[in-house]
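Reading through the C-alpha cells given below for one structure.
Only the coordinates and a few stated rules stand behind these numbers; no lab work does. This is a predicted model, so every value here is computed, not measured. A quick note on method: Cβ atoms are made from the backbone with ideal geometry, for glycine too, and the neighbour counts reach across all protein chains shown.
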Amino acid sequence: MADDEKLPQVIMDPADYEALKKRLDELERKVENTNAELFQMAGKKVGRDVGILYGLVIGIILSSILPALVKIIQILTLKITIQH
C-alpha cells in the first residue's frame, strides 16, 4: 500500500458497535436459514424427479418381464395338473 493511502477509521460508541454486531449476526442467521430452505426445496424436487424416474424404469421392466412370468406360471401349473 502506498504511503499516501490510509485506511478509513471510524470512531464509534462501544454500545452502538455491539448493537450493530448483534443486528448483523441476526441478518446473517436469517440469510443462512433462507439458503437452507432453498437448498431443501431443491433437494425435494430432485428427490421427486428421481423417484418418478425409478418408478418408470421399474414399470418398464415389469411390463416386459411380467408376460413371460405369467406364461411360465401357466406352463408349470399345466404340468402339475397333467401329472395328477
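List of remarks:
- Residue match in segment 59-72 (condition: within 25 Å of the chain's Cα centre (by Cα), of a type in the set (G, A, S) and not in a loop (DSSP other than H, G, I, E, B)): yes
- Residue within segment 11-18 that is more than 35 Å from the chain's Cα centre (by Cα) and surrounded by 10 or more Cβ atoms within 10 Å (Cβ to Cβ) present: yes
- K6 of a type in the set (K, R), out of contact with any Cys (no Cβ under 8 Å at 6 or more places or on another chain) and not in a loop (DSSP other than H, G, I, E, B): no
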